[in-house]
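**Q** Structure in structure tokens, see below.
The values are calculated or read from the model by the stated rules, or taken from the named source; none is laboratory data. Given the structure is predicted, the values throughout are model-derived calculations rather than measurements. Every residue, glycine among them, receives a Cβ derived from its backbone with ideal geometry; neighbour counts consider all protein chains shown. All accessible areas refer to the heavy atoms of the entire protein, side chains included, with ligands and DNA or RNA removed. Shrake-Rupley method; radii C 1.70, N 1.55, O 1.52, S 1.80 Å.
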Amino acid sequence: MSGSGEETDDAFDLRCVLNGREVERRIRYSTTLADLVREEFGLTGTKVSCDEEICGACTVLVDNLPVSACTFLAYDARGGKAVTTIEGVAAPDGELHPLQQAFIDTFAFQCGFCTPGMIMSALALLQARPDADRDEIIDHMDGNLCRCTGYLPILAAVEQAQTAMRPQAAT
Amino acid sequence: MSAAHTPADRAFRYVNQSVPRRDGVEKVTGRALYASDITLPGMVHAKVVRSDVAHARLLTVDVQEALRRPGVLAVLTGEDITQLPSPRYGHIFRDHPVLAIDRIRYAGEPVAAVIARTEAQADAALQDVRLSYEPLPSAMSVDEAIVEDSTTIHQDTPAVGSFSGIEYGHGETTRYRNICHHNHIEWGDVERAGTDCARIYEHTYEFPLAYAYAMEPYVAVADYRSTGLTVTSSCQHPYMVRHDLAAVFGLPLSGVSVQVPYVGGGYGSKSYTKIEPLAAACSRKVGRPVRLAYSVEEAILTTRVAAAQMRFRTGVDADGRILMRDVEMFFDGGAYAENGPLGAQQAAERVVGPCAIPNVRVDSYLVYTNTAPSSSFRGFTATQPTFASESQLDEIALDLGMDPLELRLRNTVAKGEEFIPGARPLDGDVREDVRMVAAALGWPSRASGEGRGSGLATMMLTGGAKPVSLAQVRLHGDGSVTVYTGTTELGQGSETVLCQIAAEELCVPLEAVSVAPRSTSLAPFDRSTGASRSTTLQGRALLAACADLRRKLRDLLVEVAGVEASEVSDTDEGFLTTQGFYSFRDVLQAYYGVPEADVVGEGHVRQAGDLAVTPVFWETSSVGVEVTVDSETGRIAWDRLVVVGDVGLAINPAMAAGQDLGGAVQGAGAAFWEELRYEGEHLATPSLASYRVPRFSDLPGDVELLVAERQDGAGPYGAKGGGEGPVSAIAPAVVNALAAATGVRLRRIPLTPERVWRALREGRR
């Protein structure tokens, strides 16, 4: 963690765009993205579970690509890269994103610990591939584990959000 | 019966509706707080030094070098622990030291705790703690532990914890070594019945070591002060933890508070005391709040699922009626008792499944081994014997040339029938549930043999555990309501269900009901959150609290309005008197004269009346699966799932269905992939990299979730508990489907491709 005075670990100045805001922090090279958002910025929505890039609970977006924040170094977000966490998904006025609303509507969570990572992963997919079919959704989401729901309600949520996010057809 | 207010002629307003979850917005926005998110001012961090050997005399723990590391404030060792009023804890047997004192009993056992300003600093100092020990022979499995010349894992008989009625050690038999608990039950006469049987079958089934994998690993933030101890923990049973903390530190219960935010998964693995005493001891040592957070690897070393070897000897008459069952089963409990003894004890009764067997004899053993401790898991030792009993039913059916469905229907207990002496008669219609599954599958299977097959299984377990729960409901001056409950929110939706019940009973809008933060210092005692008991028992206590609230308001009205009690009649939203209508808030305003006064209703349940007989309810579920087997690779494709949840009445149907699906998938993990394996003294599967759990792509394309709502439970509106059913029934259903598909019978799970491939090659029958 920064500010703890470890002599052997040099620090650098990180500049990135976090949930739409330009931020700057002096942090150690060993700082992971999870450490950065949770410890430095108090954004505890990003959860750490397996801590070895397997479970996907810590998924955040870096320039719209999903990464495992537990292992991704904050250093690799330098140079003004856009980092998006679950806290940056809803609209500034608090209106829920269609994905978030869909997760509520389809009961796509129980304990909720995997949920931020699920939503970030799904968001990355729907932004890149708005017309992904079910097989593609499953293939993309396969890197996010859930122990509570049995997955099907999450698929239903992604598909509901997909429909809601399509541009409205002209009437 | 439950004293619900809802008149029979009014439709439910909130109950039996799939209302959105109370914790929904918090969880989808990342605002929901878990114990792992909690920080306190001045908080420091602890990390645990773990033993490298499975069994040893611990001689010295040298912390001098570690103390010199940057940021390190203190190092806690077993010597500090011996200074405590009770160095050992355990709700059944107090055999578990907070840190190893003079003995190491499993590789990975906590031996010291380094406390430093940051987590990284604590972590960096771990390697500088030097242990010296004398290795002892280790017993790494049941087979090694029970033989005469095995090493002795626990020398002394431990003190008993707060549970009663569970005897330590061998009981009447001394045939085996390292027995933590032995339960022997019998009724009828198994020997005589054996002579009446047309056929007797004897098979041994094996259930593996497994891991619950709650995605939030154990974490506790402890604050030990002169005014009392407060611990925030990701735990299921805060009152039990409080009890153990009070005993360990010699504190009055009034001086200990356990708080539980949202829990990131429990599944029984967070039942009972885990890391809280260690976190509290660290805080006491440094005089500051301490955060102790485990990794997944450490969580595996803290609590796992008991493996079981089960020998089932079952005798039938010429018509396939089961006349006798004789069972000997061994549970691999690991190094400490934890909840293992209760599991082994209860498993004994569960060997009958929901079958009416007139002659039964069971010996169920919990064995100490030098492995990570086992404790509760979802389905709580119904899972292991169910795997055996439901597998064997199919083996018997095949041998007799009978349809497995027909054999089950012939032997399954009828609703209302007593089938275990002294226990509650079966309150569910299991025969009908099994028929529902079979019908949904299109039984007899349209795909049988040539690599495709169907299988079905049913299960039951004793639901409700100990029926002691208290609840309070507070009516505020504006008519809104807060529920005070000790039931924790693990994801199962207890918070939402309790809001629905309170809104229903008090006829207030759902949005006007809140649940107070879960804290033992706020809410009255709730025994536990587990055994599928929350809706049923805490729900009943809440019903009683709502009725008490109405009574209290009534009394206040009589007093302030100066009317006779007989002149006041109850309506949904208030009272009708000769002076007109009073809403609840009108009563408060009239009585106190200020708009913000409130009144509290209290309710409880205990083991009396209709809850005198245990279990509180029989939790039962029936499942069916279809699989396709690739004989070249041994890989099994899971094509279809049907689940029937027999829940009495679903307070929130969407949540109930979610519990069934989630449980089925978790159970499928055990059937197809999940196994912890030891190689020598250490785990060969220490993390998720080697322990495979179900994923999106594993789900069958065809899933049908059915709910049986016959309002035949002891809970509110006839509800029963759910959530632990399918997890137990899935594995035998899959194994039965495999047998139908290939003719090959496996008596050991998980059904890894290698196991299946070998069995196909050997033509195992």
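**Q** Of the numbered conditions (1) open to solvent by less than 10 Å² (accessible area, probe 1.4 Å); (2) in contact (Cβ under 8 Å) with a residue 60 or more places away in the chain, B:VAL587 fails exactly one; give the number of that condition.
**A** The number of the failed condition is (2).
**Q** Here is a further query. Looking only at segment B:645-663, decide whether some residue is in contact with a strand residue (DSSP E or B) (Cβ under 8 Å, 6 or more places away or on another chain), open to solvent by less than 20 Å² (accessible area, probe 1.4 Å), of a type in the set (A, V, I, L, M) and farther than 23 Å from A:ILE104 by Cβ.
**A** no
**Q** If we scan segment B:307-327, do we find a residue that is at pLDDT 95 or above, closer than 28 Å to B:ARG677 by Cβ and of a type in the set (Asp, Glu)?
**A** no
**Q** Being aromatic (Phe, Trp, Tyr) and either more than 23 Å from B:GLN384 (Cα to Cα) or outside any loop (DSSP other than H, G, I, E, B) (or both) is the filter here; which residues of segment B:405-453 pass it? Lay out the reasoning, then the answer.
**A** Quick first cut of segment B:405-453, residues aromatic (Phe, Trp, Tyr) only: B:419, B:443.
B:TRP443, the sole residue that qualifies.
**Q** A further question follows. Scan segment B:201-220 for residues that are within 12 Å of another protein chain (Cβ to nearest Cβ) and under 29 Å from B:ASP143 (Cα atoms) and jot them down.
**A** B:TYR211, B:ALA212, B:TYR213
**Q** Moving on. Does segment B:252-290 hold any residues that are within 14 Å of chain A (Cβ to nearest Cβ) and in contact with a Cys (Cβ under 9 Å, 6 or more places away or on another chain), and which are they?
**A** As a first pass, look at segment B:252-290 and keep what is within 14 Å of chain A (Cβ to nearest Cβ): B:260-270.
Within segment B:252-290, B:VAL260, B:TYR262, B:VAL263, B:GLY264, B:GLY265, B:GLY266, B:TYR267, B:LYS270 meet the criteria.
**Q** Have a look at B:VAL693, B:VAL744 and point out the one that is assigned to a loop (DSSP other than H, G, I, E, B), out of contact with any strand residue (DSSP E or B) (no Cβ under 8 Å at 6 or more places or on another chain), at pLDDT 95 or above and under 28 Å from B:ALA440 (Cβ atoms). I'd like the intermediate steps shown before the answer.
**A** Values: B:VAL744 fails: at pLDDT 95 or above.
Only one candidate qualifies: B:VAL693.
**Q** OK, next. Please give the number of the condition A:LEU155 fails out of (1) more than 17 Å from A:VAL48 (Cα to Cα); (2) under 16 Å from the mean Cα position of the chain (by Cα); (3) among the hydrophobic types (A, V, I, L, M, F, W, C); (4) within 11 Å of chain B (Cβ to nearest Cβ).
**A** It is condition (2) that A:LEU155 fails.
**Q** Out of the residues in segment B:161-203 that are within 25 Å of the chain's Cα centre (by Cα) and open to solvent by 90 Å² or more (accessible area, probe 1.4 Å), which is farthest from B:HIS91 (Cα to Cα)?
**A** Step one: list which residues in segment B:161-203 are within 25 Å of the chain's Cα centre (by Cα), which gives B:161-169, B:179-185.
Within this subset, residues satisfying the condition of being open to solvent by 90 Å² or more (accessible area, probe 1.4 Å) are B:164, B:167.
On the way: B:SER164: 9, B:GLU167: 13 Å.
Step by step, filter segment B:161-203, then rank; the result is B:GLU167.
**Q** Counting just the residues of segment B:464-479 that are open to solvent by 10 Å² or more (accessible area, probe 1.4 Å) and among the hydrophobic types (A, V, I, L, M, F, W, C), which one comes out farthest from B:VAL437 (Cα to Cα)?
**A** Result: B:LEU470.
**Q** Then there's this: Specify which of the listed residues (B:ALA608, B:ALA612) is surrounded by fewer than 13 Cβ atoms within 10 Å (Cβ to Cβ) and either in contact with a helix residue (DSSP H, G or I) (Cβ under 6 Å, 6 or more places away or on another chain) or within 24 Å of B:ALA523 (Cβ to Cβ) (or both).
**A** Working: B:ALA612 fails: either in contact with a helix residue (DSSP H, G or I) (Cβ under 6 Å, 6 or more places away or on another chain) or within 24 Å of B:ALA523 (Cβ to Cβ) (or both).
Only one candidate qualifies: B:ALA608.
**Q** Now, a different point. With respect to the numbered conditions (1) in contact (Cβ under 8 Å) with a residue 60 or more places away in the chain; (2) over 27 Å from the mean Cα position of the chain (by Cα), which one is the sole condition not fulfilled by B:ALA214?
**A** (2)
**Q** Kindly evaluate B:ASP332 against the criterion of being acidic (Asp, Glu), more than 22 Å from B:ASP189 (Cβ to Cβ) and open to solvent by less than 20 Å² (accessible area, probe 1.4 Å). Talk me through it step by step, then tell me what you get.
**A** Details: acidic (Asp, Glu): yes; more than 22 Å from B:ASP189 (Cβ to Cβ): yes; open to solvent by less than 20 Å² (accessible area, probe 1.4 Å): yes.
For B:ASP332, the condition - acidic (Asp, Glu), more than 22 Å from B:ASP189 (Cβ to Cβ) and open to solvent by less than 20 Å² (accessible area, probe 1.4 Å) - is met.
**Q** Does segment B:523-530 contain any residue that is within 14 Å of another protein chain (Cβ to nearest Cβ), within 25 Å of A:ALA108 (Cα to Cα) and assigned to a loop (DSSP other than H, G, I, E, B)?
**A** Going residue by residue through segment B:523-530, those that are within 14 Å of another protein chain (Cβ to nearest Cβ) are B:529.
The next check asks that each one be within 25 Å of A:ALA108 (Cα to Cα); those that pass are B:529.
With assigned to a loop (DSSP other than H, G, I, E, B) added as a condition, the list becomes B:529.
Yes, the conditions are met somewhere in segment B:523-530.
**Q** In segment B:113-124, is there at least one residue being of a type in the set (A, V, I, L, M), open to solvent by less than 70 Å² (accessible area, probe 1.4 Å) and more than 35 Å from the chain's Cα centre (by Cα)? Break it down into steps so the answer makes sense when it comes.
**A** Here is the first cut: in segment B:113-124, the ones of a type in the set (A, V, I, L, M) are B:113-116, B:120, B:122, B:124.
Within this subset, residues satisfying the condition of being open to solvent by less than 70 Å² (accessible area, probe 1.4 Å) are B:113-116, B:120, B:122, B:124.
If we keep only those that are more than 35 Å from the chain's Cα centre (by Cα) as well, we get B:124.
So far as segment B:113-124 goes, yes, one or more of its residues are of a type in the set (A, V, I, L, M), open to solvent by less than 70 Å² (accessible area, probe 1.4 Å) and more than 35 Å from the chain's Cα centre (by Cα).
**Q** What residue, of B:VAL53, B:VAL75, B:VAL61, is more than 14 Å from chain A (Cβ to nearest Cβ), over 23 Å from B:LYS270 (Cβ atoms) and touching a Gly at 6+ places or on another chain (Cβ under 8 Å)?
**A** Details: B:VAL53 fails: touching a Gly at 6+ places or on another chain (Cβ under 8 Å); B:VAL75 fails: touching a Gly at 6+ places or on another chain (Cβ under 8 Å).
The match here is B:VAL61.
**Q** Do you know which of the residues in segment B:366-381 that are in a loop (DSSP other than H, G, I, E, B) and at negative phi is surrounded by the most Cβ atoms within 10 Å (Cβ to Cβ)?
**A** Quick first cut of segment B:366-381, residues in a loop (DSSP other than H, G, I, E, B) only: B:369-373, B:376-381.
Still in the list and also at negative phi: B:369-373, B:376-378.
Numbers: B:THR369: 32, B:ASN370: 28, B:THR371: 29, B:ALA372: 26, B:PRO373: 25, B:SER376: 28, B:PHE377: 26, B:ARG378: 24.
Ranking the qualifying residues of segment B:366-381, first place goes to B:THR369.
**Q** Is there any pair linking a residue in segment A:114-127 that is over 13 Å from A:LYS47 (Cα atoms) and within 12 Å of another protein chain (Cβ to nearest Cβ) to one that is buried (at least 23 other Cβ atoms within 10 Å of the Cβ) and of a type in the set (S, T, N, Q), with Cβ under 9 Å and at least six apart or on different chains, and which?
**A** As it stands, the answer is A:SER121/A:THR59; A:SER121/A:ASN144; A:ALA122/A:ASN144, since those pairs meet every condition given.
**Q** Sticking with this structure for a sec: From the list B:LEU456, B:LEU498, B:LEU461, exactly one residue is more than 14 Å from every other protein chain (Cβ to nearest Cβ), part of a helix (DSSP H, G or I) and surrounded by 24 or more Cβ atoms within 10 Å (Cβ to Cβ). Which is it? Before the answer, list the steps.
**A** Numbers: B:LEU456 fails: part of a helix (DSSP H, G or I); B:LEU461 fails: part of a helix (DSSP H, G or I).
On inspection, the qualifying residue turns out to be B:LEU498.
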